Amino acid sequence: MNIWDLDKLYLFIAFVIPGFISIKAYELLIPGEAKDSSKQLIDAVTYSCLNYALLLWPILGVESGSLSTAHPFLYKLFYLAVLFLFPVLWVLIWKRIRTLEFFQKNSPHPTAKPWDFVFSQRQWYWVIVTLKNGDKIAGKYAGNSFSSSAPAKEQIYLEENWHLNEDGGFDRPRENTAGIIILADEIASVELFKFK
(Lines give C-alpha, C1' and ligand atoms only; values in the text may rest on other atoms or scores of the structure.)
Protein backbone atom coordinates (compact mmCIF):
# COMPACT_ATOMS: atom_id res chain seq x y z
CA MET A 1 0.00 0.00 0.00
CA ASN A 2 1.68 3.19 -1.21
CA ILE A 3 0.57 6.39 0.51
CA TRP A 4 1.91 8.41 -2.43
CA ASP A 5 -0.64 7.01 -4.88
CA LEU A 6 -2.39 9.90 -6.61
CA ASP A 7 -5.87 8.90 -5.42
CA LYS A 8 -4.70 8.83 -1.77
CA LEU A 9 -2.91 12.16 -2.21
CA TYR A 10 -6.06 13.73 -3.68
CA LEU A 11 -8.12 12.43 -0.73
CA PHE A 12 -5.60 13.89 1.71
CA ILE A 13 -5.63 17.27 -0.04
CA ALA A 14 -9.43 17.30 -0.31
CA PHE A 15 -10.25 16.26 3.25
CA VAL A 16 -7.38 17.60 5.34
CA ILE A 17 -5.93 20.73 3.74
CA PRO A 18 -9.07 22.95 3.81
CA GLY A 19 -9.62 22.07 7.47
CA PHE A 20 -6.01 22.83 8.40
CA ILE A 21 -6.27 26.15 6.58
CA SER A 22 -9.38 27.00 8.60
CA ILE A 23 -7.70 26.00 11.86
CA LYS A 24 -4.57 28.05 11.15
CA ALA A 25 -6.60 31.07 9.98
CA TYR A 26 -8.65 30.92 13.18
CA GLU A 27 -5.50 30.69 15.30
CA LEU A 28 -4.06 33.75 13.54
CA LEU A 29 -7.22 35.84 13.90
CA ILE A 30 -8.24 34.78 17.40
CA PRO A 31 -5.33 34.31 19.82
CA GLY A 32 -5.53 31.27 22.04
CA GLU A 33 -3.52 28.38 23.33
CA ALA A 34 -1.31 26.75 20.73
CA LYS A 35 -2.36 23.20 19.90
CA ASP A 36 -0.24 20.43 18.48
CA SER A 37 -1.04 20.08 14.76
CA SER A 38 -0.78 16.30 14.94
CA LYS A 39 -3.74 16.26 17.34
CA GLN A 40 -5.92 18.35 15.04
CA LEU A 41 -6.35 15.83 12.24
CA ILE A 42 -9.94 14.93 13.16
CA ASP A 43 -10.81 18.62 13.50
CA ALA A 44 -9.24 19.31 10.09
CA VAL A 45 -11.29 16.55 8.43
CA THR A 46 -14.44 17.82 10.17
CA TYR A 47 -13.87 21.42 9.02
CA SER A 48 -13.11 20.22 5.50
CA CYS A 49 -16.41 18.33 5.41
CA LEU A 50 -18.20 21.42 6.74
CA ASN A 51 -16.58 23.46 3.97
CA TYR A 52 -17.96 21.04 1.36
CA ALA A 53 -21.38 20.98 2.99
CA LEU A 54 -21.61 24.78 2.84
CA LEU A 55 -20.48 24.75 -0.79
CA LEU A 56 -22.63 21.76 -1.85
CA TRP A 57 -24.91 23.68 -4.23
CA PRO A 58 -22.12 25.59 -6.02
CA ILE A 59 -20.10 22.36 -6.36
CA LEU A 60 -23.12 20.47 -7.74
CA GLY A 61 -23.78 23.36 -10.14
CA VAL A 62 -20.22 23.32 -11.43
CA GLU A 63 -20.13 19.54 -11.76
CA SER A 64 -23.48 19.30 -13.56
CA GLY A 65 -22.55 22.01 -16.07
CA SER A 66 -19.94 22.09 -18.79
CA LEU A 67 -17.50 24.38 -16.98
CA SER A 68 -14.76 21.72 -16.84
CA THR A 69 -14.68 21.34 -20.63
CA ALA A 70 -15.78 24.80 -21.79
CA HIS A 71 -13.64 26.82 -19.35
CA PRO A 72 -11.00 24.57 -17.75
CA PHE A 73 -9.16 27.55 -16.22
CA LEU A 74 -12.30 28.75 -14.39
CA TYR A 75 -13.01 25.18 -13.32
CA LYS A 76 -9.57 24.86 -11.71
CA LEU A 77 -9.87 28.34 -10.22
CA PHE A 78 -13.18 27.40 -8.60
CA TYR A 79 -11.67 24.34 -6.93
CA LEU A 80 -8.63 26.31 -5.80
CA ALA A 81 -11.08 28.71 -4.11
CA VAL A 82 -12.94 25.75 -2.56
CA LEU A 83 -9.68 24.34 -1.18
CA PHE A 84 -7.87 27.51 -0.10
CA LEU A 85 -10.08 30.63 -0.15
CA PHE A 86 -13.40 29.50 1.32
CA PRO A 87 -11.85 27.89 4.43
CA VAL A 88 -10.47 31.34 5.35
CA LEU A 89 -13.72 33.09 4.39
CA TRP A 90 -15.75 30.85 6.76
CA VAL A 91 -13.38 31.78 9.60
CA LEU A 92 -13.83 35.51 8.91
CA ILE A 93 -17.61 35.11 8.83
CA TRP A 94 -17.58 33.01 12.03
CA LYS A 95 -15.40 35.56 13.84
CA ARG A 96 -17.77 38.36 12.79
CA ILE A 97 -20.83 36.40 13.98
CA ARG A 98 -19.20 35.61 17.34
CA THR A 99 -18.53 39.29 18.01
CA LEU A 100 -22.12 40.40 17.35
CA GLU A 101 -23.98 41.54 20.46
CA PHE A 102 -26.97 39.20 20.11
CA PHE A 103 -24.66 36.20 19.74
CA GLN A 104 -22.57 37.12 22.79
CA LYS A 105 -25.59 37.04 25.07
CA ASN A 106 -25.51 33.24 24.88
CA SER A 107 -21.91 32.54 23.93
CA PRO A 108 -18.50 33.69 25.14
CA HIS A 109 -16.49 36.24 23.19
CA PRO A 110 -13.96 34.56 20.86
CA THR A 111 -11.05 36.43 22.46
CA ALA A 112 -10.26 34.68 25.73
CA LYS A 113 -8.26 37.38 27.53
CA PRO A 114 -9.04 41.07 28.13
CA TRP A 115 -5.37 41.82 27.40
CA ASP A 116 -5.74 40.48 23.85
CA PHE A 117 -9.13 42.13 23.39
CA VAL A 118 -7.90 45.60 24.35
CA PHE A 119 -4.57 45.60 22.57
CA SER A 120 -5.86 43.91 19.39
CA GLN A 121 -7.86 47.09 18.72
CA ARG A 122 -4.61 48.95 18.02
CA GLN A 123 -5.73 52.08 19.87
CA TRP A 124 -3.29 54.58 21.33
CA TYR A 125 -3.31 55.07 25.12
CA TRP A 126 -1.57 56.81 27.95
CA VAL A 127 -0.70 53.94 30.29
CA ILE A 128 0.10 53.59 33.98
CA VAL A 129 1.37 50.14 34.91
CA THR A 130 1.34 49.32 38.61
CA LEU A 131 3.92 46.72 39.54
CA LYS A 132 3.45 44.10 42.22
CA ASN A 133 5.83 46.00 44.50
CA GLY A 134 3.62 49.12 44.21
CA ASP A 135 5.85 51.11 41.86
CA LYS A 136 4.16 52.82 38.93
CA ILE A 137 5.49 53.05 35.39
CA ALA A 138 3.88 55.55 33.02
CA GLY A 139 4.21 55.85 29.31
CA LYS A 140 2.72 56.24 25.88
CA TYR A 141 1.35 53.22 24.00
CA ALA A 142 1.17 54.34 20.37
CA GLY A 143 2.17 53.34 16.85
CA ASN A 144 5.63 52.05 17.74
CA SER A 145 4.53 50.30 20.94
CA PHE A 146 3.77 46.61 21.18
CA SER A 147 1.97 44.12 23.39
CA SER A 148 2.18 40.35 23.32
CA SER A 149 -0.79 38.18 22.45
CA ALA A 150 -1.85 34.67 23.43
CA PRO A 151 -0.40 32.15 23.86
CA ALA A 152 2.62 34.26 24.91
CA LYS A 153 2.68 35.76 28.41
CA GLU A 154 1.47 39.31 28.73
CA GLN A 155 4.27 41.81 28.07
CA ILE A 156 4.06 45.40 26.98
CA TYR A 157 6.50 47.75 25.30
CA LEU A 158 5.78 51.46 25.80
CA GLU A 159 7.57 53.56 23.22
CA GLU A 160 7.83 56.49 25.65
CA ASN A 161 8.47 56.25 29.38
CA TRP A 162 7.07 59.23 31.33
CA HIS A 163 7.55 60.80 34.75
CA LEU A 164 4.41 61.09 36.87
CA ASN A 165 3.73 64.29 38.81
CA GLU A 166 2.74 64.43 42.47
CA ASP A 167 -0.95 64.11 41.57
CA GLY A 168 -0.31 60.94 39.56
CA GLY A 169 -0.66 62.68 36.20
CA PHE A 170 1.69 62.55 33.23
CA ASP A 171 4.37 65.20 33.69
CA ARG A 172 7.04 64.82 31.00
CA PRO A 173 8.82 62.09 29.02
CA ARG A 174 12.03 60.65 30.40
CA GLU A 175 15.11 61.76 28.51
CA ASN A 176 17.47 59.52 26.58
CA THR A 177 15.17 56.49 26.69
CA ALA A 178 13.90 54.32 23.84
CA GLY A 179 10.88 53.16 25.82
CA ILE A 180 10.37 50.39 28.33
CA ILE A 181 9.41 46.71 28.28
CA ILE A 182 7.36 45.46 31.22
CA LEU A 183 7.12 41.72 31.87
CA ALA A 184 3.93 39.93 32.93
CA ASP A 185 5.42 38.56 36.14
CA GLU A 186 5.88 42.12 37.46
CA ILE A 187 2.48 43.58 36.51
CA ALA A 188 -0.29 44.03 39.09
CA SER A 189 -2.55 46.25 36.95
CA VAL A 190 -2.60 48.32 33.77
CA GLU A 191 -4.56 51.56 33.69
CA LEU A 192 -5.39 53.02 30.27
CA PHE A 193 -6.25 56.63 29.46
CA LYS A 194 -7.63 57.88 26.16
CA PHE A 195 -4.95 59.34 23.95
CA LYS A 196 -5.63 62.96 23.02
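Just to make sure I understand: if all protein chains stay in place, what is the order of HIS71, HIS163 by accessible area at 1.4 Å, largest first? Intermediate values should be presented prior to the final figure.
Values: HIS71 95, HIS163 50 Å².
My answer, sorted largest first, is HIS71, HIS163.
When a/c reaches 1.5 or more, the comparison of a/b and b/c decides; with that in mind, is the stretch 30-85 rounded, prolate or oblate per its Cα gyration tensor? Prolate is the answer for the stretch 30-85, as a/c is 1.5 or above and a/b outweighs b/c. Size estimate for the stretch 116-196 follows the Kirkwood approach: the inverse of mean 1/r over distinct Cα pairs works out to 12.9 Å. In a fully extended conformation the segment linking LEU50 and LEU74 would gain 6.3 nm over its present Cα-Cα distance, using 0.36 nm per residue. Rounded to whole numbers, the Karplus 3J(HN,Hα) couplings from phi for the stretch 53-62 are 5, 5, 9, 4, 5, x, 5, 4, x, 5 Hz, using 6.51 cos²θ - 1.76 cosθ + 1.60 with θ = phi - 60°, and x at Gly and Pro.
What is the distance in Å between the Cα centres of the stretch 62-83 and the stretch 132-178? Each part's Cα centre sits 54 Å from the other's. With 21 Å as the limit, the listed pairs LYS39/LYS76; LYS35/LYS153; LYS8/LYS95; LYS35/LYS95; LYS136/LYS194 have LYS39/LYS76; LYS8/LYS95 beyond it between alpha carbons. With a 1.4 Å probe and all protein chains left in place, how much of the accessible area of the stretch 1-140 comes from carbon and sulfur atoms, in whole percent? After summing per-atom areas, the C and S share lands at 68 percent.
Would you work out the relative contact order for the stretch 85-196, in percent, from Cα pairs under 8 angstrom that are 6 or more residues apart? Before the final figure, lay out the partial values.
On the way: 160 pairs, mean separation 26.2, N = 112.
About 23 percent, as a whole number.
With all protein chains in place and ligands, DNA and RNA left out, the 1.4 Å accessible area ranks LYS132, LYS95, LYS140 as LYS132, LYS95, LYS140, largest first. The listed residues ILE93, ILE21, once ranked by accessible area (1.4 Å probe) with the largest placed first, stand as ILE93, ILE21. Compared with the alpha-carbon gap, the fully stretched path from LEU83 to ILE59 is longer by 7.5 nm at 0.36 nm per residue. Build a GNM of the chain with springs between Cα atoms under 10 Å apart, and of ASN133, ASN51, ASN144 the one that fluctuates most is ASN133. Computed from the Cβ-Cβ distance with R0 of 30 Å, the FRET efficiency linking LEU192 to ASN106 stands at 0.55.
Available extension along the chain between LEU92 and HIS163 is 21.4 nm, counting 0.36 nm per residue and deducting the alpha carbon span.
Comparing THR177, THR130, THR99 in a Gaussian network model of the chain (Cα springs below 10 Å), the most mobile by mean-square fluctuation is THR177.
Using the heavy atoms of the protein chains alone and a 1.4 angstrom probe, what is the accessible area of the stretch 58-104 per residue in square angstrom?
Value returned for the stretch 58-104: 69 Å² of accessible area per residue.
Over all directions, average the projected area of the Cα convex hull of the chain and note it in nm².
Details: hull surface 71.9 nm².
Orientation-averaged projected area of the Cα hull: 18.0 nm².
If you run the Gaussian network model on the chain, springs between alpha carbon atoms under 10 Å, then out of PRO87, PRO110, PRO72 the most flexible one is PRO72.
Please tell me the relative contact order of the chain in percent, rounded to the nearest whole number, where contacts are Cα pairs under 8 Å and at least six residues apart. Please list the in-between numbers first.
Working: 235 pairs, mean separation 33.6, N = 196.
Normalised by residue count, the contact order of the chain is 17 percent.
A 1.4 Å probe, protein heavy atoms only, puts the accessible area of GLU63 near 90 Å².
The values are calculated or read from the model by the stated rules, or taken from the named source; none is laboratory data. The model shown is predicted, which means the values in this text are computed figures rather than measured ones. Positions of Cβ are backbone-derived with ideal geometry, glycine not excepted, and every protein chain shown enters the neighbour counts. Just so you know, the surface numbers come from the protein's heavy atoms only, side chains and all, with ligands and any DNA or RNA stripped out. Shrake-Rupley method; radii C 1.70, N 1.55, O 1.52, S 1.80 Å.
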